[in-house]
Amino acid sequence: DAGVIQSPRHEVTEMGQEVTLRCKPISGHNSLFWYRQTMMRGLELLIYFNNNVPIDDSGMPEDRFSAKMPNASFSTLKIQPSEPRDSAVYFCASSLLGRAEAFFGQGTRLTVV
Amino acid sequence: AQSVTQPDIHITVSEGASLELRCNYSYGATPYLFWYVQSPGQGLQLLLKYFSGDTLVQGIKGFEAEFKRSQSSFNLRKPSVHWSDAAEYFCAVGSDNQGGKLIFGQGTELSVKP
């Protein structure tokens, strides 16, 4: 298996633009997680899905952030409009439902200028 | 509140020396404990995990960790550090009740002197 695949690896955008981050979980995994990593706050969970259904989005910072999982093999995290303080590395992770072990993608480094 | 504390932000060791990275947790349920490593510009790689059973667990790259319930600790150790071990190390806690939802410590950056 290729592991969790995220795209793009790097994204530079201007403030006010829409940004979409993409994630393909490990085949067969049915839980998917979006994390954000910053120097100030470390690794924090934004939202997670079980069987494509959002379970807990309490970590999503603002209404500008939204996430979808239209099927078992694809998820998106969208920021609209983007702001400089959204600059961070965004990780996607997947796991088997009911198993605590999560596998992480390589991350997307987002820079908003 | 559930939390993970890594007291050391940055540690420097000489190549060949032993290493211990500290991790303390506060978690109401039975904890499942993890150590991840992150090399610069890379994702998080799982080093080892503790679910139950033997409190001393072995991981990849020669790392081991010991779960001490009485001290709420899960320290990571390696008997002889290699230059390629320089990276950031994260301790995390979770439970099967919440799937792969993990709470991470702030990380410890390891530098290795030649």
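The values are calculated or read from the model by the stated rules, or taken from the named source; none is laboratory data. Predicted model, so just to flag it, every value in this text is computed and none were measured. Backbone-built Cβ (ideal geometry, glycine too); neighbour counts: all protein chains shown.
Count, please, the residues in segment B:17-32 that happen to be closer than 16 Å to residue B:113 by Cβ and in a loop (DSSP other than H, G, I, E, B).
2
Given the conditions (1) away from chain A (no Cβ under 12 Å); (2) within 27 Å of residue A:39 (Cα to Cα), report the number of the one that residue B:95 does not fulfil.
Of everything listed in (1) away from chain A (no Cβ under 12 Å); (2) within 27 Å of residue A:39 (Cα to Cα), residue B:95 misses just condition (1).
Mind listing just one residue for me: the one in segment B:13-56 that is β-branched (Val, Ile, Thr) and modelled with pLDDT of 95 or more and, of those, surrounded by the fewest Cβ atoms within 10 Å (Cβ to Cβ)?
B:13
For (1) in contact (Cβ under 8 Å) with a residue 24 or more places away in the chain; (2) more than 11 Å from the chain's Cα centre (by Cα), each residue gets a yes or a no:
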site: B:43; (1), (2): no, yes
site: B:49; (1), (2): no, no
site: B:61; (1), (2): yes, yes
site: B:73; (1), (2): yes, no
site: B:82; (1), (2): yes, yes
site: B:88; (1), (2): yes, no
site: B:95; (1), (2): yes, yes
site: B:111; (1), (2): yes, yes
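Go through segment A:7-41 and give me each residue that's of a type in the set (A, V, I, L, M) and either over 18 Å from residue A:94 (Cα atoms) or in a strand (DSSP E or B) (or both).
A:12, A:15, A:19, A:21, A:32, A:39, A:40 - these are the residues of segment A:7-41 that are of a type in the set (A, V, I, L, M) and either over 18 Å from residue A:94 (Cα atoms) or in a strand (DSSP E or B) (or both).
Select from segment A:62-109 the residues that are away from chain B (no Cβ under 14 Å), among the hydrophobic types (A, V, I, L, M, F, W, C) and in contact (Cβ under 8 Å) with a residue 60 or more places away in the chain and list them in ascending order.
A:79
Among the residues of segment A:44-61, write down those that are touching a residue at least 24 places away in the same chain (Cβ under 8 Å), surrounded by 15 or more Cβ atoms within 10 Å (Cβ to Cβ) and more than 12 Å from the chain's Cα centre (by Cα).
A:50
Anything in segment A:1-36 that is under 15 Å from residue A:112 (Cβ atoms) and not hydroxyl-bearing (Ser, Thr, Tyr)? List them, or say none.
A:8, A:10, A:11, A:12, A:14, A:15, A:16, A:17, A:18, A:19, A:21, A:36
Going through segment B:60-114 one residue at a time, which ones are in a helix (DSSP H, G or I), on the phi < 0 side of the Ramachandran plot and of a type in the set (D, E, K, R)?
Result: B:69, B:85, B:96.
Restrict the check to segment B:9-16 and report whether at least one residue is over 21 Å from residue A:102 (Cβ atoms), assigned to a loop (DSSP other than H, G, I, E, B), hydrophobic (A, V, I, L, M, F, W, C) and within 14 Å of chain A (Cβ to nearest Cβ).
Within segment B:9-16, one or more residues are over 21 Å from residue A:102 (Cβ atoms), assigned to a loop (DSSP other than H, G, I, E, B), hydrophobic (A, V, I, L, M, F, W, C) and within 14 Å of chain A (Cβ to nearest Cβ).
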